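*Asks:* Please see the structure below; I have some questions.
Here, each number is a calculation from the coordinates, and none is a lab measurement. All values reported here derive from a predicted model rather than from experimental measurement. Here the Cβ positions follow ideal geometry from the backbone for every residue, glycine too, while neighbour counts run over all protein chains shown.
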Amino acid sequence: MATPAGNGAPGAPIPARPNGPPVPPRTAGAPGTAVRPAAIAPAPFAGPHAAAQPGALAAPGPGGAPAPRPRAVLATGVRARLAQATRTAPGRLRLAGVVLTVLTVAFGGLTAWQLETRAQAADRVVSYSQPLSRDAAEIHRNLADAATTAATGFLLAGAEPKEVRDRYEQDLATAAKLVAQAAARTTSTSPAQDSLARLNQQLPAYAGLVETARADNRQGIPLGGAYLRYASEQMQTVLLPTAAELAAVENQELADDYAAAESVPWAAYGLAALTLAALAWVQLTLFRRTNRVFNVGLLGATAAVLAGALWLTVTGLTISSALQQSEREGAGPLRALNSARVDVLTARLAENLHFVARGSTTKYVDQWARATAHLAGSADLPPERSDGSLPQAVRLAPSAAQASVQEAAKQFDEWRTRHDAARAQETGNADYQGALDATVTAKPDAATADAAFNATDRALARAADIEQDHFTQAAVGTGGDLRTTAVAAALLGLVAAAAALRGLGRRLAEYR
């Protein structure tokens, strides 16, 4: 019978272990003494910190697979603890409390943030972009009026009334002041800065040319007319186009702020719907498991979230309506009116420069025709569909400004009639002086083209004041209303969170 392993003679080799290296033989000792196995050297880098040493490899897992990484172990542990916590009713209630607290507080915070963003945009509309848009239009109008008034004073020469001279100087001073204000209020990266820099540079040069023309004209030097025409050319090719670019930039900024102020807070609505769905699911689950119809805390949380969503909706609709009214009755009509006012001044400048040139060119006759055509629009279209700047101003004007704009349209028709009569006198009778007297004169209350132009301009100015008031009344205060709703939404979110925790806490107390 074979001797079992381990019972052979001392020093006999021990069979190899399955799938492993041979075990070294035991050292023989004296009979009756214990035999100790040979010492085995520890593996390099053994110990709990082996993985942190250079060149160490992760200890193999079962079957030779790499051991799980620490992050994976952590994630597995979290999932295990979460699963263990939700196996019991108290654990599930605690988890529901955490989820509802996060949702309700997030709803209040997100709603407040989105409303604050809209409030800032509404404030910019009232205190920044619309005033800059208005000032840009005023710069454009004052420059055009300065050129027109300078030509009028040149034609009257020594008989120039003081009010004409004062009007010219006031136009230049106002334009320079508004340019400086706009430059101070716009950021250095704004595209408006380039236009403002050109205006600031070219305005003194234009004023110098006009003064040279006036000085030569007072002395009877014919070169004065050439200086004035050159100054007017600079105005029409450099200053006025630059002012138009500035107005376009500011109008775009105003449109962007309007869009931001009227934007719908879809994220807040989406989170409100998710929060209400979670509250409904928790209440339905409690009802099925406890047969209790109402949970006062959860009902209070639901009511708070609903109140926040409804408040958000009502305020959003109210503010959007107010801003749309300010655009419809204020900012929009003002843009159309400013376009008509510039066209009126352009036509008047062409009319005056024609007499300054003394018929040496037909350029100003053509310019008059283009400006008045742009004002009146196509004769083939009815007034309600006309593409002219003046009919558009009539259509867009609010009811309070309708009378002034219609009066301007009536005076414009009278102005064209008187212009055509003066033109006929000049071309038909070769009476330059008679045509000039029918166009502009120093006599007060004379039925001249200049008088009709002034009546047109005054009527448009009255309409502009009315439309500016309509804008202010509709838009002012919208930012404050949005901020009030933002604070209310944040508070309602906190109230909802507290109510949900209280309602679930009462259910948890039943398990103690």
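*Asks:* Taking θ = phi - 60°, what integer Hz values does the Karplus form 6.51 cos²θ - 1.76 cosθ + 1.60 yield along the range 427-440, in sequence order, with x for Gly and Pro?
*Replies:* The phi angles translate into 7, x, 9, 6, 9, 5, 5, x, 5, 5, 5, 6, 9, 8 Hz.
*Asks:* Would you mind ranking 419, 374 so that the residue whose beta carbon has the fewest other beta carbons within 10 Å leads the list? Intermediate results must be reported in sequence, preceding the final value.
*Replies:* Values: 419 23, 374 18.
Ordered by Cβ neighbours within 10 Å, fewest first: 374, 419.
*Asks:* What distance in nm separates the two pseudo spin-label positions at residue 92 and residue 200, each 7 Å out from Cα along the beta-carbon direction?
*Replies:* 7.1 nm
*Asks:* Quick one: 3J(HN,Hα) in Hz for the range 496-504, Karplus 6.51/-1.76/1.60 with θ = phi - 60°, rounded, Gly and Pro as x.
*Replies:* With coefficients 6.51, -1.76 and 1.60, one gets 4, 5, 5, 5, 5, 5, 5, x, 6 Hz.
*Asks:* What size of dipole, in debye to the nearest 20, comes out for the range 330-441 about its Cα centre when the only charges are +1 on Lys and Arg C-beta atoms and -1 on Asp and Glu C-beta atoms?
*Replies:* Details: 12 positive and 13 negative charges, 64 e Å.
Roughly 300 debye for the range 330-441.
*Asks:* Using a simple charge model, +1 on the beta-carbon of Lys and Arg, -1 on the beta-carbon of Asp and Glu, nothing else, what dipole does the range 162-220 show about its Cα centre, in debye to the nearest 20? Please list the in-between numbers first.
*Replies:* On the way: 8 positive and 7 negative charges, 16 e Å.
Once rounded to the nearest 20, the dipole reads 80 debye.
*Asks:* Could you tell me the center-to-center distance, by alpha carbons, between the range 243-295 and the range 316-369 in angstrom?
*Replies:* Cα centroid to Cα centroid, the span is 41 Å.
*Asks:* Give the long-range amide H neighbours of residue 377: residues separated by 5 or more places, or on another chain, with amide H under 5 Å away, using H modelled in the peptide plane at 1.01 Å from N.
*Replies:* Close amide H contacts, sequence-distant or interchain: 388, 389.
*Asks:* Using unit Cβ charges (K, R positive; D, E negative) and no other charged atoms, how large, in debye to the nearest 20, is the dipole of the range 292-383 about its Cα centre?
*Replies:* On the way: 8 positive and 6 negative charges, 34 e Å.
The dipole of the range 292-383 has a size of about 160 debye.
*Asks:* Explain nothing, just compute: Karplus ³J(HN,Hα) = 6.51 cos²θ - 1.76 cosθ + 1.60, θ = phi - 60°, for every residue of the range 121-129 in order, whole Hz, x for Gly and Pro.
*Replies:* Those phi angles translate into 5, 5, 5, 5, 4, 6, 9, 10, 6 Hz.
*Asks:* Which of 364, 342, 277 sits closest to the plus end of the dipole of the range 266-385, meaning its Cα is farthest towards the positive end, when Lys and Arg get +1 and Asp and Glu get -1 on the C-beta?
*Replies:* With unit charges placed on the Cβ atoms, the residue in question is 277.
*Asks:* Moving on to the next point. Which of rounded, prolate or oblate describes the range 457-512 when judged by the alpha-carbon gyration tensor and an a/c cut-off of 1.5? Could the numbers behind the result be given before it?
*Replies:* Working: a/c = 14.17, a/b = 10.06, b/c = 1.41.
In terms of gyration-tensor shape, prolate.
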